1. Considering the Cα positions of the chain, please state its Rg to one decimal place and its Dmax as a whole number of Å.
2. If a helix is a whole DSSP H run, which ones in the chain reach 24 Å or further along their own axis (Cα) and hold a mean Kyte-Doolittle hydropathy of at least -0.5?
3. Where in region 119-162 does the label zone of SER16 land, with the point 7 angstrom along Cα→C-beta and an amide N cut-off under 18 Å?
4. Sorted by mean Cβ packing within 10 Å, highest first, what order do the peptides 39-49, 82-92 take?
5. Classify region 75-162 as rounded, prolate or oblate from the Cα gyration tensor: take a ≥ b ≥ c as the square roots of its eigenvalues, call it rounded if a/c is under 1.5, otherwise prolate when a/b beats b/c and oblate if not.
6. Please state the relative contact order of region 13-152 as a whole percent: Cα pairs under 8 Å, 6+ residues apart?
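Any read-out appearing in this document is the output of simple, stated calculations on the displayed coordinates, not a laboratory observation. Owing to the predicted nature of the structure, the values given are computational and were not obtained by experimental measurement. All Cβ positions, even for glycine, are placed from backbone atoms using ideal geometry, and neighbour counts span all protein chains on display.
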Amino acid sequence: MNTERNAKDTQLEELSFTVTGYISKTPRETFEAVADPDQLSKYFTTGGARGRLETGTEVSWDFADFPGRFPVEVIETVPDEKIVISWEGSEHSTGPNTMTTFEFSPVDEGARTLVTITEKSWQPTVGGAEGAFGNCMGWTGMLAALKAWIEYGIDLREGFYK
């Protein structure tokens, strides 16, 4: 019985991942670069973002390099600290939606920000792993693009995917 319980306790039920990066701007500036659709459109949503990321709203994102506007539900925002979003999952999701959390933590007395992005809701299958790994790549790219844009005014996505 003890062996059965231990095997069950270690069974993977959901895939998730976390990516992090340091941004040399305050949490306020960094939060705004993600929450404000005009700023987000300059370095991430190359086809444009519509709507500010505020609790209870539905916004839409479009990527010129991966055409197709899709809705994003904003589950929660805590100004300068956290944004939780959700969008329609796939047949490889554990539920109907995929959930992503952005956390903005002050570093160096608030002069810099540690951005932590965690996504969950993927099945522990080959298809789920492919979806999670693909999105992990996407969020890592988003963090790099955020840093280049907010610190140096450089758009890393221009010509990157096409």
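1. So, for the chain, Rg and Dmax equal 17.0, 60 Å respectively.
2. Details: long enough: 126-152 (38 Å, 0.51).
Taking the DSSP H segments of the chain (at least 24 Å long, mean hydropathy at least -0.5), we get 126-152.
3. 119-125, 128-137, 139-140
4. Numbers: 39-49: 19.5, 82-92: 16.5.
For the peptides 39-49, 82-92, the packing ranking is 39-49, 82-92.
5. Working: a/c = 2.55, a/b = 1.42, b/c = 1.80.
Oblate shape, in that a/c is at least 1.5 and b/c is the bigger or equal ratio.
6. On the way: 312 pairs, mean separation 42.7, N = 140.
Relative contact order of region 13-152: 30 percent.
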